[in-house]
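The values are calculated or read from the model by the stated rules, or taken from the named source; none is laboratory data. Keep in mind it's a predicted model, so treat the numbers as computed, not measured. Ideal geometry is used to build each Cβ from the backbone, glycine not excepted, and the neighbour counts take in all protein chains shown. For the accessible areas, the whole protein counts, side chains as well, though only heavy atoms, and no ligand, DNA or RNA atoms are used. Shrake-Rupley method; radii C 1.70, N 1.55, O 1.52, S 1.80 Å.
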Amino acid sequence: MKKETLIIGGGITGLSLAWELSCLGISSTIVEKAPFMGGHVSNFACKATQTCQKCGACQLEDYLSKVHKAENVDLMVSSTVDSLTQNGRDFKAMILQRKSMIVSDKCDDCGLCLKVCPVEGALFYPAFDSRLYISNEKCLNSIGVHCEICAQICPQGAVELQEKSREVETEVASIAICTGFSPYDPTQKLKFGYPRVPGVITSLELDSILRTGNFQSAAFGETPKSIAFIQCVGSRDPRSGTNYCSQICCGVSIRLARLIKNRYPDINLTIFYMDIQTFEREFDRTLDRAQSDINFIRAMPSEIHSDEDGFPRVVYHGGDETRQMALFDMVVLSVGIVPRDPDLPGSFPGLWKNRDGFIGSDDNGVDAGHPGIFVAGAAQGPKSISACVSHAILAASQIKRYLDRTMRGE
Amino acid sequence: MPKINLNELDPEFKHRVAEQPGGEGLKACFGCKACTAACPIQPIDKRYDPRKIIRMALLGMKKQVLESDFIWLCSSCYGCQEVCPQNVRFTEVMYAIKNLAAQEACIPPGLTAQRSLLKKHGRLYEVGEFENEKRLKIGLPPIIEHAEDFDVLLPDQTVEKDPGHSSTFHNS
């Protein structure tokens, strides 16, 4: 059945956009590459202490359940858009779906498949679920290499591999690009020792540790006694090609630090920063509260290296004009948002990228420059969860307007 | 903390440094202190603090920067440049500042002596009969000083202040 809007990306933006469109009576198909909906936000922990910290992570589950109930939304996981062609005013899209999966009813979690899989990360546990998933991007079958080692070894016969992609051709009147962002790759910063120095992790990894439960259950081992956060890793960094503020990292780090302080009051917390950038309403109050129990140091470390016992040591210039070397049990690199290459199939000459490499938009913020193609969320520029949702609402209104106009034949 | 007299500041100074080749990045500094934490000189001599030198240049403390001897302490290890997120390229900025200091005739005596040695002998120390005899004994060819090349490079002139920019410099 023909849908009116094709939403590329099933993260918080795609889901909220589908729901808003559904409320306006517009049907949509969400195409998501991963084997589950939710994108990055599905790995984020709720950061409430005694009170809600307004991180927005819970909005995902809210929208997921709404979208699942909605009648005019099609969800396609493990799918990619293979080609897009203009067809009059409409677009013709070829979607490839390859749904290799592990049937959760049969799987008894023995871990044999994990041991034999030749590709790291092809079988994985997401932070929100104790079930195993198959990543269709990394699985060897996706690049045309025949491999069924996991299916052969599974004693329960729970692995269902799909070698050939199912081709779905669909015609849509409009397209919304909600492909989101990629986290900055901190291995580019050799001096920060990721992943060479044990105990140095990214803020996304810490978020999924806290989402899964606690430090003991994570691969990290025991609960750390001191944690340092380093801000602006890959943000405001022309040398890495990211000469813009990622807007979310200060809020994320402060919320994570307060969540940790709330769960483990004995952990010492330090935040190294250049300057705290606030983009949220009433953020100054959050900051004030955080300053009472978190140590803020205004200095960027020059280096993180491993000491004799294998703990990360942070070298920075202290307030008393001397060089400090501080030992921590864990160092969290607060990585920024970098544009994800949306590799939009098909050529639409109107589409452009802005100075920072995000998908460009018109003055109204969601028109991508080609009639019928819209952009929403972090694909258009760094955004927090709530900013993504409001951007999706704006996109929904503009899509409605566009569809009404084309219906009238303008 | 020593007081800064605003009347003595030269607001044009930062633009002059930024005009120099290599000095372009000066105004991009955020003051994050990564350079200072990476500098091998700073723990030895507290006066040489990259972040502070940038701040002084941006404030226009021309006299204090150019007449100081600490700007000559830079070891050119490029450690600061390596960690700087804003691409200030501080080692190059330091060269720009030192070039300005040379234009203003603020070269420390040690460097002037090195210049005259270079001009006279073509190298930073004199190679005499004694050294060459020793080289001959262990089978090395003698060193010939090519002072004439350096005579062209370093013409006979006393380093004069650039009259166009020096008005505020010696009045204070």
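At-a-glance table
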item: Residue list for the range B:25-43, restricted to those being within 7 Å of chain A (Cβ to nearest Cβ) and open to solvent by 20 Å² or more (accessible area, probe 1.4 Å); result: B:Phe30, B:Lys33, B:Ala38, B:Pro43
item: Any pair with Cβ under 6 angstrom, 6 or more apart, that starts in the range A:313-332 at a residue that is away from chain B (no Cβ under 12 Å) and ends at one that is open to solvent by 20 Å² or more (accessible area, probe 1.4 Å) and assigned to a loop (DSSP other than H, G, I, E, B); result: A:Leu327/A:Phe311; A:Asp329/A:Lys225
item: Residue in the range A:262-273 that is among the aliphatic types (A, V, I, L, M) and either touching a residue at least 60 places away in the same chain (Cβ under 8 Å) or in the same structural domain as A:Asn354 (by TED's automatic domain parsing) (or both) present; result: no
item: Unique residue being surrounded by fewer than 17 Cβ atoms within 10 Å (Cβ to Cβ), in contact (Cβ under 8 Å) with a residue 24 or more places away in the chain, in contact with a Gly (Cβ under 8 Å, 6 or more places away or on another chain) and not charged (D, E, K, R) when the list is A:Gly350, A:Gly310, A:Gly336; result: A:Gly310
item: Test: residue in the range B:44-61 that is in contact (Cβ under 8 Å) with a residue 24 or more places away in the chain, more than 14 Å from every other protein chain (Cβ to nearest Cβ), of a type in the set (Val, Ile, Thr) and open to solvent by less than 10 Å² (accessible area, probe 1.4 Å); result: no
item: Sole exception among (1) assigned to a loop (DSSP other than H, G, I, E, B); (2) out of contact with any strand residue (DSSP E or B) (no Cβ under 8 Å at 6 or more places or on another chain) for A:Phe36, by number; result: (2)
item: Filter result for A:Leu351 (under 30 Å from A:Thr202 (Cβ atoms), at pLDDT below 95, in a loop (DSSP other than H, G, I, E, B) and away from chain B (no Cβ under 14 Å)); result: no
item: Residue in the range B:21-41 that is over 30 Å from A:Met325 (Cα atoms) and part of a helix (DSSP H, G or I) present; result: yes
item: Any strands (runs of 3 or more DSSP E) falling wholly within the range A:241-319 and containing at least 2 residues that are over 29 Å from A:Gly213 (Cβ atoms) and among the aromatic types (Phe, Trp, Tyr); result: none
item: Selection count where residues are open to solvent by 50 Å² or more (accessible area, probe 1.4 Å) and in contact (Cβ under 8 Å) with a residue 24 or more places away in the chain, scope the range A:285-304; result: 5
item: Selection within the range B:1-20 - in a helix (DSSP H, G or I), aliphatic (A, V, I, L, M) and over 13 Å from B:Val93 (Cβ atoms); result: B:Leu6
item: Condition check for A:Leu15: within 15 Å of A:Ala395 (Cβ to Cβ) and more than 22 Å from the chain's Cα centre (by Cα); result: no
item: Some residue of the range B:70-85 being open to solvent by less than 20 Å² (accessible area, probe 1.4 Å), within 16 Å of B:Glu19 (Cα to Cα) and in a helix (DSSP H, G or I); result: no
